[in-house]
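Computed from the coordinates by the stated procedures, all read-outs in this text should not be read as laboratory data. None of the values given here were measured: they were computed from a predicted structure. For neighbour counting, all protein chains shown are included, and Cβ atoms are generated from backbone atoms with ideal geometry for every residue, glycine included.
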Amino acid sequence: MENSTPRVGQFAKLYFILKVLLVIATGLVLVGWWMNTPPGLLGKADAAGYAVCHRISSRSFLIGDRQTPLCVRCSGMYLGAVLGTIYLASFGKKGGMPPLKISIILGLFLIAFAFDGANSYFHFFPGAPGLYQPENWLRLLTGTGVGIGIACVLVPVVHQTIWQRVDARAALAGWRQFIPLLILAGLLDLALLSDIPALHYPLALISGAGVLLILSMVYTIVWVMISKRENKFVQYRDLWVPVLAGFLTALIQIAAFDAGRFWLTGTWAGFNL
């Protein structure tokens with residue numbers, strides 16, 4: 001019993017050092033990425049989108065004469081994921097998956113996303129068969145649907161992984177909870193299709209931040225599992241270490257993809273197809 005006290009003290013000291021190093025590393029990577037990406041808030045959103053999206057200009061929205069950080073489909077996907085995450089988080093720590101009737105709808109969203117994406121891809125090649133002419137509004141709708149689906153799976157997984165006490169019920173228990181989310185998603189898409197710069201600008205920033213948010217959530221789960229801390233957390237303030245580790249990992253991935261793509265293309269612009 002006497003020998004265990006020094007070991008506990010040594011572990012606490014080591015853990016404190018690791019936390020300090022984590023904060024320092026996050027600051028250094030963030031500053032390095034910030035200084036080596038395009039200027040301005042939209043420039044940083046561009047850099048986040050650059051890591052995950054082709055950013056082809058003809059398949060993107062415009063803010064005036066400026067292209068948005070993500071293409072139409074990715075804009076819908078990440079904005080839908082952010083919307084779904086906020087909406088589901090408002091129900092508290094509910095870790096249940098959506099019931100079958102709602103899961104079927106989400107599955108149909110995914111099928112529509114894949115089908116429209118494949119049809120759109122074939123139009124890159126002259127003479128290739130295509131079932132219909134791709135349209136940006138359809139890219140937006142299918143992207144938003146998948147974004148909602150991502151949130152509907154990811155948020156319950158986060159709750160199931162981190163909390164000591166989690167509500168086993170589903171946040172989307174039925175149509176009463178699901179339909180308002182669909183209405184909000186529809187209003188979001190209408191705002192994007194409105195071509196009003198005052199609406200596009202904040203949504204463009206949120207879409208770029210959404211890339212970092214979703215990746216951070218995924219990596220937070222990974223770090224909780226790596227550290228074998230599943231179902232150990234009681235309050236949000238207890239989560240800052242795995243959340244910061246998840247944020248750092250997501251930022252490293254974005255920075256690495258940015259660097260690799262810029263090295264290959266020499267430009268921050270989208271692919272010229």
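When the helix-only estimate is applied to the chain (DSSP H runs of n ≥ 4, each -39,500 (n - 2.57), divided by the residue count), what is the mean residue ellipticity at 222 nm, nearest 500 deg cm²/dmol?
Numbers: 8 runs with 185 residues, N = 273.
Counting only the DSSP helices, I get -24000 deg cm²/dmol.
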To the nearest 10 degrees, the tilt of helix 240-265 (Cα long axis) against the first principal axis of the alpha carbons of the chain is 40
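Using the structure shown, list the pairs from 94/228; 13/93; 13/44; 19/93; 44/93 with a Cα-Cα distance above 28 Å, or answer none. Could you put the intermediate results ahead of the total?
Numbers: 94/228 22 Å; 13/93 32 Å; 13/44 36 Å; 19/93 26 Å; 44/93 32 Å.
13/93; 13/44; 44/93, as the Cα separations exceed 28 Å there.
Cut-off is 10 Å between beta-carbons; in what order do 194, 216, 103, 207 appear when sorted fewest neighbours first?
Numbers: 194 11, 216 19, 103 16, 207 29.
Sorted ascending by nearby Cβ count, the order is 194, 103, 216, 207.
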The farthest towards the positive end of the charge dipole of the chain, of the residues 200, 42, 81, given +1 on Cβ of Lys and Arg and -1 on Cβ of Asp and Glu, is 81
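For the chain, what does the relative contact order come out to in percent, with C-alpha contacts under 8 Å and a separation of six or more? All intermediate terms of the calculation are to be shown ahead of the outcome.
Values: 375 pairs, mean separation 77.2, N = 273.
This gives 28 percent for the chain.
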If the chain between residue 57 and residue 103 were fully extended at 0.36 nm per residue, the gain over the current Cα-Cα distance would be 13.2 nm
Length gained, residue 271-residue 168, 0.36 nm per residue minus C-alpha separation, equals 32.6 nm
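What net charge is computed for the residues neighbouring residue 163, neighbours being all others with C-beta under 14 Å from the C-beta of residue 163, Lys and Arg scored +1, Asp and Glu -1?
Working: positive: 93, 94, 165, 169, 229, 232, 237; negative: 167, 230, 238.
Net of charged neighbours comes to +4.
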Protection proxy (average C-beta count within 10 Å per residue), highest first, orders 30-41, 67-78, 177-188 as 67-78, 177-188, 30-41
Helix 136-162 sits off the longest principal axis of the Cα atoms of the chain, rounded to the nearest 10 on a 0 to 90 degree scale, by 10
Measuring from its Cα centre, the chain shows a charge dipole (+1 at each Lys and Arg Cβ, -1 at each Asp and Glu Cβ) which, in debye to the nearest 20, is 780
Net charge near residue 76 (other residues with Cβ under 14 Å of its Cβ; Lys, Arg +1; Asp, Glu -1) is 0
For the stretch 108-125, Karplus-derived ³J(HN,Hα) couplings (6.51, -1.76, 1.60; θ = phi - 60°; whole Hz; x for glycine and proline) come out as 5, 4, 5, 4, 4, 4, 5, 5, 5, x, 5, 4, 5, 5, 4, 6, 5, 10
Amide H neighbours of residue 63 at under 5 Å, excluding residues fewer than 5 places away on the same chain, with H built from the backbone geometry, are 68
If one compares the long axis through the Cα atoms of helix 175-193 with the longest principal axis of the Cα atoms of the chain, the angle in degrees, nearest 10, works out at 60
